[in-house]
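Chemist: One structure is given below, represented as structure tokens, and several questions about it will come after.
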Amino acid sequence: MYKKIIILCVNICLLINMIMFNVKCIDEYKYLPYKHDKVIYLTFDDGPSPNTNKVLDILNRNNVKATFFVIGNQVEMHKDVVKRLERDGMCILPHTNCHNYRKIYDTADDYFIDLNSCVVKIKDVILKEPVNFIRFPGGVNNELLRESVLDEIKSKFLDNKYYFIEWNVYGLDAERVPENSDTIYNSTINQLSNKPKAIVLLHDGYGNINTVNSLERIILSAKQLGYKFRTLEDITEKDF
């Protein structure tokens with residue numbers, strides 16, 4: 001009888017030790033620091049234009065892929081540039097067809113008519129459907145996009161599995177006259193500080209030669225800071 005009790009006590013002690021060991025292991029791993037990869041998504045709005053080819057030359061020279069939110073009317077005028085974007089492995093996404101805030105933001109229907117026109121023009125050139133990311137001209141906080149219209153657009157996005165992408169780094173290159181390429185470079189790199197995931201807003205439209213002149217320095221500095229470059233087509237589920 002005593003022998004059985006002793007054996008039972010020993011087994012209980014072993015079981016408690018095993019439980020305590022497992023809890024200790026769980027606790028130890030619980031507080032290990034999680035290592036985040038530093039990822040940067042370079043995005044360009046308002047093209048294509050002749051400046052887009054210059055941007056592509058820099059990206060290819062530095063073995064970097066980027067995302068381009070294109071305007072449908074510009075796609076019609078620069079089909080050769082869009083074909084090059086596709087050929088060079090860039091991500092091509094819709095930014096609306098006309099980029100006229102007053103026209104596209106009057107009603108949700110106006111917005112989707114314009115957006116779908118842009119999507120069709122992209123498909124006609126690259127012969128495939130772009131992934132379901134879009135960017136609002138001016139972002140969601142622009143003063144011409146009323147909250148009621150935005151809510152209706154968002155509801156239809158969810159129904160059609162569309163997602164809008166903003167940014168958390170802005171190079172100030174869509175201001176009326178960026179002072180020079182240094183302004184764009186400094187703004188971009190300063191905002192990258194302490195951001196493990198960065199979606200950078202730049203522009204490749206007709207007036208954005210200062211963006212072109214700052215781009216290589218931005219890329220080289222981001223690499224020195226340890227960032228890996230991805231396109232939104234390759235976004236991971238965790239980043240999304």
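Chemist: I want to confirm something. Restricting to the range 218-235 and keeping residues that are surrounded by fewer than 17 Cβ atoms within 10 Å (Cβ to Cβ) and either of a type in the set (D, E, K, R) or in contact (Cβ under 8 Å) with a residue 12 or more places away in the chain (or both), which single residue is nearest to residue 71 (Cα to Cα)?
Modeler: Among those that are surrounded by fewer than 17 Cβ atoms within 10 Å (Cβ to Cβ) and either of a type in the set (D, E, K, R) or in contact (Cβ under 8 Å) with a residue 12 or more places away in the chain (or both), it is 233.
Chemist: Mind listing whichever residues of the range 69-108 are assigned to a helix (DSSP H, G or I), touching a Cys at 6+ places or on another chain (Cβ under 9 Å) and open to solvent by 30 Å² or more (accessible area, probe 1.4 Å)?
Modeler: 73
Chemist: Taking residue 175 as meeting all but one of (1) open to solvent by 50 Å² or more (accessible area, probe 1.4 Å); (2) closer than 20 Å to residue 55 by Cβ; (3) touching a His at 6+ places or on another chain (Cβ under 6 Å), write down the number of the exception.
Modeler: Residue 175 satisfies every listed condition except (3).
Chemist: Return yes when residue 184 is more than 17 Å from residue 53 (Cα to Cα), within 18 Å of the chain's Cα centre (by Cα) and surrounded by 19 or more Cβ atoms within 10 Å (Cβ to Cβ) and no when it is not.
Modeler: no
Chemist: Kindly list the number of the only condition in (1) assigned to a helix (DSSP H, G or I); (2) over 21 Å from the mean Cα position of the chain (by Cα); (3) over 15 Å from residue 162 (Cα atoms) that fails for residue 111.
Modeler: (3)
Chemist: Residue by residue through the range 200-216, note down the ones that are open to solvent by 60 Å² or more (accessible area, probe 1.4 Å) and either touching a Ser or Thr at 6+ places or on another chain (Cβ under 8 Å) or of a type in the set (Phe, Trp, Tyr) (or both).
Modeler: 206, 213
Chemist: I'd like to check something: does the range 191-199 contain any residue that is free of Cβ contacts under 8 Å to residues at least 60 places away in the same chain and open to solvent by 60 Å² or more (accessible area, probe 1.4 Å)?
Modeler: Yes, there is a match, as at least one residue in the range 191-199 is free of Cβ contacts under 8 Å to residues at least 60 places away in the same chain and open to solvent by 60 Å² or more (accessible area, probe 1.4 Å).
Chemist: Which one is modelled with the highest pLDDT, of the residues in the range 156-172 that are open to solvent by less than 40 Å² (accessible area, probe 1.4 Å) and of a type outside the set (Val, Ile, Thr)?
Modeler: Checked the range 156-172; the qualifying residue modelled with the highest pLDDT is 171.
Chemist: Examine the range 89-104 for a residue that is over 17 Å from residue 48 (Cα atoms) and polar (S, T, N, Q), and state whether such a residue exists.
Modeler: no
The values are calculated or read from the model by the stated rules, or taken from the named source; none is laboratory data. This structure is a prediction, so every number in the text was calculated from the model and none was measured. Virtual Cβ from ideal backbone geometry, glycine too; neighbours counted across all protein chains shown. To get the accessible areas, we keep the full protein, side chains included, count just its heavy atoms, and leave off ligands, DNA and RNA. Shrake-Rupley method; radii C 1.70, N 1.55, O 1.52, S 1.80 Å.
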